[in-house]
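Visitor: Have a look at this one before I ask anything.
The values are calculated or read from the model by the stated rules, or taken from the named source; none is laboratory data. Keep in mind that what you see is a predicted model, and the values were worked out from it rather than measured. Note that each Cβ is placed from the backbone with ideal geometry, even for glycine, and that neighbours are counted across all protein chains shown.
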Amino acid sequence: MSAKTLMVFFNLKPTTNEAQYLEWAKQSDLPTVNQLTSVSSFEVYKSISMFGQDKPSPWDYFEVIQIDSEDAFMSDIQTDVMQKIVEQFQSFTEDAHFIVTENILTA
């Protein structure tokens with residue numbers, strides 16, 4: 001099975017303190033997910049605006065997770081440590097969309 005890229009688009013809940021989310025993302029989420037054997041890289045991006053337009057992005061944040069396979073990643077996230085990360089992510093966010101993609105040049 002070929003490597004995939006998981007793209008996650010999400011907003012912070014209105015009740016979420018953004019500074020607390022960012023601290024958690026940097027101190028817990030990024031290091032923990034990047035240590036999974038099925039993940040080759042994991043990055044989080046804050047949206048700024050729509051390119052060429054004076055409009056905000058419809059999403060607050062984006063995650064890009066390079067995974068070896070969906071099955072391996074699903075297995076990795078079943079651990080107690082990752083279930084805690086998932087619960088914490090859900091406590092900060094809403095409207096999360098997890099999209100599995102593949103590079104058209106390597107598919």
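Visitor: Run down 38, 28, 57 and say which single residue is surrounded by 13 or more Cβ atoms within 10 Å (Cβ to Cβ), hydroxyl-bearing (Ser, Thr, Tyr) and closer than 24 Å to residue 2 by Cβ. Reasoning before the result, please.
Guide: Values: 28 fails: closer than 24 Å to residue 2 by Cβ; 57 fails: closer than 24 Å to residue 2 by Cβ.
None of the other options fit; the residue is 38.
Visitor: For the structure I just gave you, tell me whether residue 83 is of a type outside the set (Gly, Ala, Ser) and either exposed (fewer than 13 other Cβ atoms within 10 Å of the Cβ) or more than 13 Å from the chain's Cα centre (by Cα) (or both). I'd like the intermediate steps shown before the answer.
Guide: Working: of a type outside the set (Gly, Ala, Ser): yes; either exposed (fewer than 13 other Cβ atoms within 10 Å of the Cβ) or more than 13 Å from the chain's Cα centre (by Cα) (or both): yes.
Here the answer is yes, as residue 83 does meet what is asked.
Visitor: Just name the residue that is modelled with the lowest pLDDT out of those in region 78-107 that are among the charged types (D, E, K, R) and outside any strand (DSSP E or B). Show your work before the answer.
Guide: We begin by selecting, within region 78-107, every residue among the charged types (D, E, K, R); these are 80, 84, 87, 94-95, 102.
Narrowing further to those that are outside any strand (DSSP E or B): 80, 84, 87, 102.
Working: 80: 97, 84: 97, 87: 98, 102: 90.
For region 78-107, the residue satisfying everything is 102.
Visitor: Separate question: All but one of (1) buried (at least 16 other Cβ atoms within 10 Å of the Cβ); (2) on the phi > 0 side of the Ramachandran plot; (3) not charged (D, E, K, R) hold for residue 52; which doesn't?
Guide: (1)
Visitor: Go over the candidates 70, 23 one by one and state the one that is touching a strand residue (DSSP E or B) at 6+ places or on another chain (Cβ under 9 Å) and among the charged types (D, E, K, R). Talk me through it step by step, then tell me what you get.
Guide: Details: 23 fails: touching a strand residue (DSSP E or B) at 6+ places or on another chain (Cβ under 9 Å).
Answer to the check: 70.
Visitor: Look through 70, 63 and report the one residue that is in contact with a Lys or Arg (Cβ under 7 Å, 6 or more places away or on another chain), surrounded by 13 or more Cβ atoms within 10 Å (Cβ to Cβ) and closer than 23 Å to residue 4 by Cα.
Guide: Working: 63 fails: in contact with a Lys or Arg (Cβ under 7 Å, 6 or more places away or on another chain).
Answer to the check: 70.
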